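Written out below as structure tokens is the structure these notes cover.
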Amino acid sequence: MTKKLTVEELLKKAQKPAKLALQYHPFYGGKVQIMPKCAIRTPADFAIWYTPGVAAPCKAIKEDPELVFQYTNRWNYVAVVSDGTRVLGLGDIGPEAALPVMEGKALLFKYLGGVDAFPICLNTKDPDEIIQACKWLEPTFGGINLEDLSKPKCFYILEKLINELQIPVWHDDQQGTASVILAGLINALKLVGKKLHQAKITMIGVGSANTRTALVLMKAGVKPGNLIMVDSKGTLHPNRKDIEAEKDENPWKWDFCLKTNAEGRIGDMAEAMRDADACIAASKPGPGTIKKEWITKMATDSIVFACANPIPEIWPWEAKEAGAKIVATGRSDFENQINNSLGFPGIFRGVLDVKAKTITDDMCIAAGKELAKFAEERGIHEGDITPRMEEWEVYPREAVACALKSIEEGVARVKPSKQELWEKAVAIIKNAREATKTLMKKGLIPPPPPEKQF
């Protein structure tokens, strides 16, 4: 970090994107659109793409429904589904107000992963109705990305859809966050000379992000007893009667009470962080949610991931001053950004390319390990532990890793070779990026208006 900005400077910098967003969104009238992908030489071609020619593939699909993945774009369609109940740091703002976020997600899907994603905001908060809506949508899509659903229903919806649908279902707030945190943690621990299976890890917040992250970390090799989880009322342990009383509604949290915290620590965040090798926070935005004095009590060469947005739980320089060796946040203007956009475009690219029937935690682990490996191969240091979004080659590598894991787990409908998967992913992602550049160069996507002075 080259400069320590004041709080006022940081807040002004953090507010600029929001102000530009209000200027740019109406200028473009949204962020995504549908474009043809087939050749249209003359209007006569419509006889092939529509009636009467289209009847032939319709009949073929009726005879063999699996042909839908070959004769249509279903293999590359993803539905970005939300009810608007937990949008960014804004909370329950409703489906209409959530649409700009879902459009943004679709934009990242296309540009980074070559995935044709559609924003779908539902006018219901009922988890069973959301599940039913996704089941109704299944024949059109190759995958479903759940987004910005409140907890604990987000856990129920995800588990139910994974079990009942024959296409990959993914909740980015859970699985996406877990994949990227795993990648960052692998490389951070390497830099400080510690092992994943030996590390003592404190997790601040037990919402959707840290719930799935904990599950993925345990499956990746972290000992459950070495995790200490803490919510707004304190550490999780078997005597948390308030959590036990709600175990039917949120069985995952009660399970953490039983499996984690082998030392049986009882107390607040300060107690949970004592002697920890790493702290992973996905909780209330700061600054001040995590205190400097708590970090001073962590283990030597400690690691702090303060992932709240827009303001991390503690400013990175404060964490460094308190003794943290490596600090990551969710922000792009600080070093070591833990960004879900490193995960979902490549992961979906991979599972779509093998027409997978599901996404598993093992695929999240495969993605996290490939992200970590990519960064390590090009060189990592304390201020650069994960790939960056502009390093586009990471996405096809991640895609191949997830596709191969899908084949290994027996959930892939097709089984291309590793080389075939690589070439396909590279071609699709390059096409998306080059198409956008060409449209901009030709003026079909105009440059944004001059920035207003704020």
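The values are calculated or read from the model by the stated rules, or taken from the named source; none is laboratory data. Predicted model, so just to flag it, every value in this text is computed and none were measured. Here the Cβ positions follow ideal geometry from the backbone for every residue, glycine too, while neighbour counts run over all protein chains shown.
A few points about this structure:
- Residue match in region 440-450 (condition: surrounded by fewer than 14 Cβ atoms within 10 Å (Cβ to Cβ) and touching a helix residue (DSSP H, G or I) at 6+ places or on another chain (Cβ under 6 Å)): yes
- Subset of region 298-325 (residues that are under 15 Å from Leu185 (Cβ atoms), of a type outside the set (Gly, Ala, Ser) and under 22 Å from the mean Cα position of the chain (by Cα)): Ile303, Val304, Phe305, Cys307
- Any hit, region 276-292, residues being modelled with pLDDT of 95 or more, buried (at least 18 other Cβ atoms within 10 Å of the Cβ), in contact with a strand residue (DSSP E or B) (Cβ under 6 Å, 6 or more places away or on another chain) and within 23 Å of Glu391 (Cβ to Cβ): no
- Strands (runs of 3 or more DSSP E) enclosed by region 136-236 - at least 1 residues per element that are among the charged types (D, E, K, R) and at negative phi: 227-231
- Total residues in region 401-425, condition more than 26 Å from Tyr111 (Cβ to Cβ), assigned to a loop (DSSP other than H, G, I, E, B) and not charged (D, E, K, R): 3
- Total residues in region 251-282, condition part of a loop (DSSP other than H, G, I, E, B) and of a type outside the set (Ser, Thr, Tyr): 13
- Scanning region 142-184 for residues that are of a type in the set (Gly, Ala, Ser) and in contact with a Pro (Cβ under 9 Å, 6 or more places away or on another chain) yields a count of 3.
- Residue within region 65-72 that is surrounded by 13 or more Cβ atoms within 10 Å (Cβ to Cβ), over 27 Å from the mean Cα position of the chain (by Cα), of a type in the set (Phe, Trp, Tyr) and at pLDDT 95 or above present: yes
- Just so you know, in region 241-274 the residues that are in contact with an Asp or Glu (Cβ under 9 Å, 6 or more places away or on another chain) and without any contact (Cβ under 8 Å) to a residue 40 or more places away in the chain include one that is farthest from Val216 (Cα to Cα), and it is Ala270.
- Filtering region 338-391 to residues that are surrounded by fewer than 22 Cβ atoms within 10 Å (Cβ to Cβ), acidic (Asp, Glu) and outside any loop (DSSP other than H, G, I, E, B) leaves Asp361, Asp362, Glu376, Glu377, Asp384.
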